[in-house]
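To keep things clear, I will list the structure first and then write my remarks on it.
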There are 2 protein chains.
Amino acid sequence: MGESQLDQVESDELFYIPLECFQIARQAGLTQVDYAETFAAYVRVNVLYSIARAWSGHPGTCLSSVDIMTWLFLTRIQGLTADFPDGSDIFFSSKGHDAPALYAVLTGLGLLEFEQLHHLRRLGGLAGHPHVETPFIQANTGSLGMGISKAKGMALANRLHEAPKRIYVLTGDGELQEGQIWESLASAVELGLDEITVIVDHNKIQSDTWVEDVSPLGNLDAKFRSFGWQVERCDGHDFAALDTALASLETATGRPRLLVADTVKGKGVSFMEGPVALAENPLYLFHSGAPNEVAYAKASAELLDVARATSQRVGLNELKIDTMRRPPRKPALVVERLVNAYSQALVTEAERHPELVVLDADLVKDCGLLEFREQFPGRFIECGIAEQDMVSQAGGLARRGAIPVAHSFACFLSTRPNEQIYNNASEATKVIYVGSLAGVLPGGPGHSHQSVRDISALSAIPNLVLIEPCAEVEVAAALTFCLDGTDESSYLRLVSLGWPLPFQLPSDHSLQLGIGTEVRPGHEVVLIGAGPWLLANAFHAAEALQRDHNVAVKVIDLPWLNRLDPDWLLDTIRGARHVFTLDNHYLDGGQGQMIASRVAEHAVSIPVTRIGLTELPVCGTNEEVLAHHGLDVPGLVRAVTASLGVVAP
Amino acid sequence: MGESQLDQVESDELFYIPLECFQIARQAGLTQVDYAETFAAYVRVNVLYSIARAWSGHPGTCLSSVDIMTWLFLTRIQGLTADFPDGSDIFFSSKGHDAPALYAVLTGLGLLEFEQLHHLRRLGGLAGHPHVETPFIQANTGSLGMGISKAKGMALANRLHEAPKRIYVLTGDGELQEGQIWESLASAVELGLDEITVIVDHNKIQSDTWVEDVSPLGNLDAKFRSFGWQVERCDGHDFAALDTALASLETATGRPRLLVADTVKGKGVSFMEGPVALAENPLYLFHSGAPNEVAYAKASAELLDVARATSQRVGLNELKIDTMRRPPRKPALVVERLVNAYSQALVTEAERHPELVVLDADLVKDCGLLEFREQFPGRFIECGIAEQDMVSQAGGLARRGAIPVAHSFACFLSTRPNEQIYNNASEATKVIYVGSLAGVLPGGPGHSHQSVRDISALSAIPNLVLIEPCAEVEVAAALTFCLDGTDESSYLRLVSLGWPLPFQLPSDHSLQLGIGTEVRPGHEVVLIGAGPWLLANAFHAAEALQRDHNVAVKVIDLPWLNRLDPDWLLDTIRGARHVFTLDNHYLDGGQGQMIASRVAEHAVSIPVTRIGLTELPVCGTNEEVLAHHGLDVPGLVRAVTASLGVVAP
C-alpha cells in the first residue's frame, strides 16, 4: 500500500483489548504456547492503540519485541506481583523506545493499572521512554548502550545483598553499534555474572533503514563469543524456539548469556514488516511516529483479525474489543521548519564548499540529510549509532583539510561524545556540529530526548561557538556564519518542532557575533531568548503584557548561546526596569546565566530574572510540558508580572 | 632494587645522546636492523633524560613502544622531511602518554629541533601529551580510545583529496578497554580502509598493574578478527619479527590491519621492566612520574651501557654522551593533600555505611583507593579504563540499594560518561562521583588532563551537587555531606596537587549547602573561589593588596560549584566596592558565572569581575601555567588592581 493511498481516508476510532480478555485467556488453562500466542496477539493490538492515541511512539520496534517480552514475562520472570514491583526478577529494555510494548504486556498481566494504557506520553501517564517512576520499570533508558552496564551494577548489588535475581536485558541491534555495549562485556565474564541474560531484538532495521546498510554488525555470534559470553540464536517470534534457546543458555553456568533473537521489525502488520516496508520505500517509515489514520485503520484491522483468530483457535469465547475516539489532529499551521531549512541550506553551502563533508549517526531523515546524501553521496559518511566514533572521525577529517559537519540529536551529540568534541576543539580545526531535536519539545519522548543541557555541556569548550536560530532564514544565516563567518568550530542547536512565528526576520538576515535582533519593541521590560517556540511565546506574552498590564516589552532574538557583545547588551537593556532571560534549557549553564553575569560585570542595577527549567523535564504533550514548566504564554506572563509586581487591571 | 635503596643517593646529572651520534649512526651504512637497534638504544637514553629533566612523564609506556616507533619511522613511514611535516605518511599514538618516545625518535631523525628535548612539559616546549602544534604530531591525544576513529577520518579526507597515505596508529592495551575502540572498528572494514594499520603496544600493564588483573582483554586476536580486521601478532621488541608481521599485513588489501605487538613495559631498564617491577611491588611504579635521583642514576647507567655496547657491536666510534644538570627538587613543604584525606575519609565512611561500594577506572592509586580496597575488597569494583561502563554500573548499583562512589580523573569522569551521569541522575538515585586531578594544575600533562571544564559539563544535571573542597578537613566534611547531608547525588572535585594553605579551617568544619567560609576578613573587595591553590593564591594576593595598595580584601572559600544561598551571598558582599570570582576553570560555566548571575538577579550594583581561564590551558611547570593564565599571586593582584584602578603607592 503506497503512502498516497494511506492518506485518503480518515477515522478517529481506535481499538483495544480490555483487561478482562487478558484475564480470560490467562485462566483458560491453555498450553503455554497457546497462551503466549493469544497474549502476544492482544498485546500487539494494544501497542498500536496506545501509540495511535498518543500520536507518537515507535511501532516497528515494539512489534518486533512483543513475542520476546511475552515469553519472558509468561515463563521466565519470577516473583511478579503488583504489590511489590521491586521483588521480582528484573527485565528492562536497553533500547527503551519499545516501552509501549512493555506497557501493553504489564497492563495485560495486571501489573500496571490498565487505565494507564490510555495515557501514553501524557503528563502523569506512561513516559515515552522508560522511567523508573512507573512500576516494574527497572531503569531509565532511551539513550542507547547503557543496559548491560546497568544490569551488571544491579547484579553486583543483588549479590552484595545476597538477593540474586535473574536479570534480562533487551537490546536493539542498531544499538550494538554503541561502544559502551562492547565496553561492558568484559567484566560480566570476569565476574561470572550468569544471572544476566541479554537478548538482542535482531530486527535488522535501525532508525532509517537496514542495519546492514548503515553499519553492518558482521558475525554477531562470533563477536560476543570472542568476548567470552555464552551465545545462542533463535527465531524471536517462535515461542518454542525461544524456550529452547533460553533453556540452553540456562544450562551453562558461570558465564553471562546472550541470545540473538531474529525478529522482524513491525511484525504482525503486513505493510510495517521490515522487508515489505523497505521494498516499498527506501526509508523505513514506521520506526518512530504514529501511523496516520488510514494506516492505523488497516494495521488495527490486521491485528484484530489475528487476535480474533487466535482466540478462536485456542477455544476462547468471542473477543471483546473496546473502542476509544481520539481527538482529531490539530489543523496544519504555517510554521517555521528549521530542519527543512537546514537541509536546503546545507545543499546550497555544499555546492560552494567542495571540502564540506557530512557525517550522520543513524538519523539521516530526522537531521535533514536526505537531500545532501542524494546530491553528494561521495561526501556523506554514515557512522551508525556511534557518536564518539563519528565525532573523532570528524576531527581526523578536519585535520586533513575537510570541513566536517557532524549530526545527531542534540541530547546525544552534546553529551555522548563530549570529550571527543573537546579533543577536536583542542586541535583548533574547524568542525561544525548540528544537534537537532534541541530543547524540551517535543515533549512526548521524555527526558532522554529532551535536550536541555547541551548549552551547559558545550559552552565552555574553547573555539566552539553555540548558535540557536529561531527561524528558517536564521538557520541559513547561521550555517553561512559557521562556514564563512568564523575560524572557530560551531554547534548549531536546532529545534525540530515546527512552530508558527508571530514576527518575521528580514529575508537578508545575517548574523553578527554576540549581537541579537529586536523582534518586538518596548522600553520597560526586555525579554531575551533564542529558538522558535520560546521567542514566539515571548512575543505573545509581550502582547498580553501590553494589552492587560500596559507594560511595554521588548523581545530580543539572541541566537548566540555562549558569545555576547557587552556594548550591544548594555545598549539593549538601557533604561529598562527589568530584564528577563528565557532558556529552553536548565537555568544552570544556560544562555541566561551568560547574560546575567555580563550585567553583573558592569554593575548595571537592573534586575535580571532567569526563566527556564529547574527540574527534569516532564513527558507529555507539548502543551502539557510547556504549561508544567511555565514556558507557555500564560506561564511567561505570570513570571513577568510576579517579578514586576504588576496587577492585572 | 627496593624503594628504600632508591632513595639513598642523589645526583643532579642527567645524560643524553646528542644529535650528531644519531647522524653518525644513520650515515654509517649499517644494516636496517643494526641501525634500528642503535637508534632505539639512543632513543631510550633520551626518553629517560627528557622525563627526568621534566620531573614528570610516563617512562614505562615510552620504553615499551620505542622499538615499534623506531621500526615504523626507519622503514615504513614515507615522505619524512622536516620542511613539510604534513606531507608524510601518518603516525600517531592514540594512548599519547608515550609522547616522549616519539619526541626522542623525531629529534633523533632531525625532524624536530633537537634543542626541544630539553623542554619537555615546559611552556613553549614539548607538550606532556601530543599536541598538533608540534611538527609531526598528527593528533591531540591523551584521552584514550579516539585514535582509530581519528585515523578513519584522516583516511577518508585523504581519499577525498586523492592523496592516500599510510596511517599508523599506536594504541595501548589497557586502552582497548574503552568502548570507542570497538565502536570504531566496523566502518573501517566496511570502507576497506587498508591504509590504516593499528599497532597495539601490548605491554600487559596499565596504570597500576597487570591488565589481566584490572580487566582482562581475553583473546585479542580473535576479538579483532571477529570484527573483520586483518590481524597479526609478534614480538614488539624484535625488529625482524616486526618487519615480517607488517609485511604480512601489507599483502592483504581491502581490510584494515592490526598488529598485536607483545612488548614489555619499561623495556630496557631492568627494574622498570613489568615482570620484575611487579614482582617487587604490587603496584607498577613507573607508569607515570619521573624516577627519583637514584633510580635515574641506575636506569641511565643501564641504558647508556646498552647504547655504548650497541654502538661498539655495529662498529661505530665511541659514543659521545652529553650531560645536563637539572635544578634540584623543591624542598618539601607542609601541604594539604586532598586525595590522601579523601582516602582516609572514604575508609571511615565505609565503616559507617555498609552499603557504600567503590568503583574505579584503573586509577586506584591516583584516586586514593588503595586503603579502601585493602579493607573492603568485597565492596571494591575495578572497572578498567571504561568510564561509561563504570558510571552505568554505578546507576544499576544505586537502583538496587547500594551507594556507589565512582572514581576517575575529573577530566575523564565529567565528560566521557557525561550522558550516563545524566541518565543516573534522571533516576533520582544517589551516586557519588569523585574526580581527582581537577583543574589546571599539575601543568605538565597538558590539556587532555587539565580538567577545567567539568563544572560546566556537570552543573546543569538535576539532583547533582558539585563540591570542591580546599583543605583536608573540608574533604572529610564534603564526603560526610554527600553521604548524610543530602538525598541528591554529588560530584566531589578534588585538586590532586599538594599545596600549602596560608589559612586554616576549624577541625570541626562542616558544610552548609550554598554557604561559604570567610578565610580572610576585609570590607572593600571580596574574592570568592574554591580549592587549595586558588584560595591560597587569593589569600596571598589579598595580603599583597593590603600591604601595597591599602585595600582590605575579604577571601571566601565557597566549595559549592552549582548551589548558592542568595541571602548569604548578599550578606557577604554587602558594602563591598567590587567582587571578584576566581575559577580554576573556564569562565564559561564556572562558579563565577553562578555567583555573578545571582548578583544580577538582585540588581546589586557592585561590579562582579570573573577571573579564570579564557583559552585552552598551556602545558608547563605549575609556576609557568599559573603565570601564563594570570592565576598566580601577581596575576591576581594585577587583575584586581586593574579593575579597581588602584595604583601602587
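The values are calculated or read from the model by the stated rules, or taken from the named source; none is laboratory data. This is a predicted model, so every value here is computed, not measured. FYI the Cβ positions are ideal-geometry reconstructions off the backbone, even for glycines, and counts take in every protein chain you see.
In table form, for the structure just shown:
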{"item": "Matching option when the condition is modelled with pLDDT of 95 or more, more than 22 Å from the chain's Cα centre (by Cα), among the polar types (S, T, N, Q) and surrounded by fewer than 24 Cβ atoms within 10 Å (Cβ to Cβ), among B:219, B:158", "result": "B:158"}
{"item": "Of residues in segment B:564-582 being surrounded by 22 or more Cβ atoms within 10 Å (Cβ to Cβ) and within 10 Å of chain A (Cβ to nearest Cβ), the one nearest to the chain's Cα centre (by Cα)", "result": "B:581"}
{"item": "Sole exception among (1) buried (at least 23 other Cβ atoms within 10 Å of the Cβ); (2) under 19 Å from residue A:489 (Cβ atoms) for residue A:441, by number", "result": "(2)"}
{"item": "Tally, over segment A:164-184, of residues that are modelled with pLDDT under 95 and not basic (Lys, Arg)", "result": "1"}
{"item": "Check on residue A:112, away from chain B (no Cβ under 14 Å) and surrounded by 24 or more Cβ atoms within 10 Å (Cβ to Cβ)", "result": "no"}
{"item": "Lone qualifier among A:625, A:640 - being closer than 21 Å to residue B:597 by Cα, assigned to a helix (DSSP H, G or I) and at pLDDT 95 or above", "result": "A:640"}
{"item": "Single residue of segment B:161-170 satisfying the filter (in contact with a helix residue (DSSP H, G or I) (Cβ under 6 Å, 6 or more places away or on another chain) and surrounded by fewer than 24 Cβ atoms within 10 Å (Cβ to Cβ)) that is farthest from residue B:145 (Cα to Cα)", "result": "B:164"}
{"item": "Test result for residue B:552, surrounded by fewer than 18 Cβ atoms within 10 Å (Cβ to Cβ) and within 26 Å of residue B:627 (Cα to Cα)", "result": "yes"}
{"item": "Conditions (1) more than 22 Å from residue B:428 (Cβ to Cβ); (2) touching a residue at least 40 places away in the same chain (Cβ under 8 Å); number of the one not met by residue B:372", "result": "(2)"}
{"item": "Single condition residue B:543 does not satisfy, out of (1) out of contact with any Phe, Trp or Tyr (no Cβ under 9 Å at 6 or more places or on another chain); (2) within 11 Å of chain A (Cβ to nearest Cβ); (3) among the acidic types (Asp, Glu)", "result": "(2)"}
{"item": "Some residue of segment B:586-598 being more than 30 Å from residue B:446 (Cα to Cα) and either surrounded by fewer than 23 Cβ atoms within 10 Å (Cβ to Cβ) or out of contact with any Ser or Thr (no Cβ under 7 Å at 6 or more places or on another chain) (or both)", "result": "yes"}
{"item": "Residues being over 13 Å from residue A:90 (Cα atoms), in a loop (DSSP other than H, G, I, E, B) and in contact with a Gly (Cβ under 8 Å, 6 or more places away or on another chain) - total across segment A:144-167", "result": "4"}
{"item": "Any hit, segment B:304-314, residues being among the hydrophobic types (A, V, I, L, M, F, W, C), in contact (Cβ under 8 Å) with a residue 24 or more places away in the chain and assigned to a loop (DSSP other than H, G, I, E, B)", "result": "yes"}
{"item": "Which listed residue, of A:24, A:68, is over 21 Å from residue A:126 (Cβ atoms) and either assigned to a loop (DSSP other than H, G, I, E, B) or touching a residue at least 40 places away in the same chain (Cβ under 8 Å) (or both)", "result": "A:24"}
{"item": "Lone qualifier among A:352, A:329 - being more than 8 Å from chain B (Cβ to nearest Cβ) and at pLDDT below 95", "result": "A:329"}
{"item": "Some residue of segment A:90-99 being in a loop (DSSP other than H, G, I, E, B), within 24 Å of residue B:179 (Cβ to Cβ) and more than 14 Å from every other protein chain (Cβ to nearest Cβ)", "result": "yes"}
{"item": "Pair list, Cβ < 7 Å and 6+ apart or interchain, from segment B:246-274 residues that are free of Cβ contacts under 8 Å to residues at least 24 places away in the same chain to residues that are small (Gly, Ala, Ser)", "result": "B:273/B:266"}
{"item": "Selection within segment B:403-449 - over 12 Å from the mean Cα position of the chain (by Cα) and more than 11 Å from every other protein chain (Cβ to nearest Cβ)", "result": "B:405, B:407, B:430, B:432, B:433, B:434, B:435"}
{"item": "Segment A:374-398: number of residues that are under 17 Å from residue A:206 (Cα atoms), facing another protein chain (nearest Cβ under 7 Å), surrounded by 24 or more Cβ atoms within 10 Å (Cβ to Cβ) and of a type in the set (A, V, I, L, M)", "result": "1"}
{"item": "Residues of segment B:158-200 that turn out to be more than 10 Å from every other protein chain (Cβ to nearest Cβ), over 21 Å from residue B:261 (Cβ atoms) and of a type in the set (Gly, Ala, Ser), as a count", "result": "1"}
{"item": "Some residue of segment A:132-143 being of a type in the set (A, V, I, L, M), farther than 30 Å from residue A:323 by Cβ and more than 10 Å from chain B (Cβ to nearest Cβ)", "result": "no"}
{"item": "Among residues of segment A:231-251, those that are surrounded by 14 or more Cβ atoms within 10 Å (Cβ to Cβ) and either modelled with pLDDT under 95 or within 26 Å of residue A:41 (Cβ to Cβ) (or both), counted", "result": "13"}
{"item": "Among the candidates A:522, A:529, A:514, residue that is buried (at least 24 other Cβ atoms within 10 Å of the Cβ) and either of a type outside the set (Gly, Ala, Ser) or at pLDDT 95 or above (or both)", "result": "A:529"}
{"item": "Unique match (being out of contact with any His (no Cβ under 7 Å at 6 or more places or on another chain), crowded, with 24+ Cβ neighbours inside 10 Å, among the hydrophobic types (A, V, I, L, M, F, W, C) and farther than 28 Å from residue A:619 by Cα) among B:405, B:434", "result": "B:405"}
{"item": "Every residue from segment A:537-570 that is over 10 Å from residue A:520 (Cβ atoms) and among the acidic types (Asp, Glu)", "result": "A:548, A:565, A:567"}
{"item": "Lone unmet requirement of (1) surrounded by fewer than 24 Cβ atoms within 10 Å (Cβ to Cβ); (2) out of contact with any helix residue (DSSP H, G or I) (no Cβ under 9 Å at 6 or more places or on another chain); (3) more than 11 Å from chain A (Cβ to nearest Cβ) for residue B:535", "result": "(1)"}
{"item": "Close pairs (8 angstrom Cβ cut-off, 6 or more residues apart or separate chains): part of a strand (DSSP E or B) in segment B:211-237, among the acidic types (Asp, Glu) anywhere", "result": "B:230/B:194; B:231/B:221; B:233/B:221; B:233/B:262; B:234/B:262; B:235/B:262"}
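So that you can scan it fast, the table gives a plain yes or no per residue for (1) touching a helix residue (DSSP H, G or I) at 6+ places or on another chain (Cβ under 8 Å); (2) within 28 Å of residue A:218 (Cβ to Cβ):
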position: B:231; (1), (2): yes, yes
position: B:235; (1), (2): yes, no
position: B:248; (1), (2): no, yes
position: B:252; (1), (2): no, yes
position: B:263; (1), (2): yes, no
position: B:266; (1), (2): yes, no
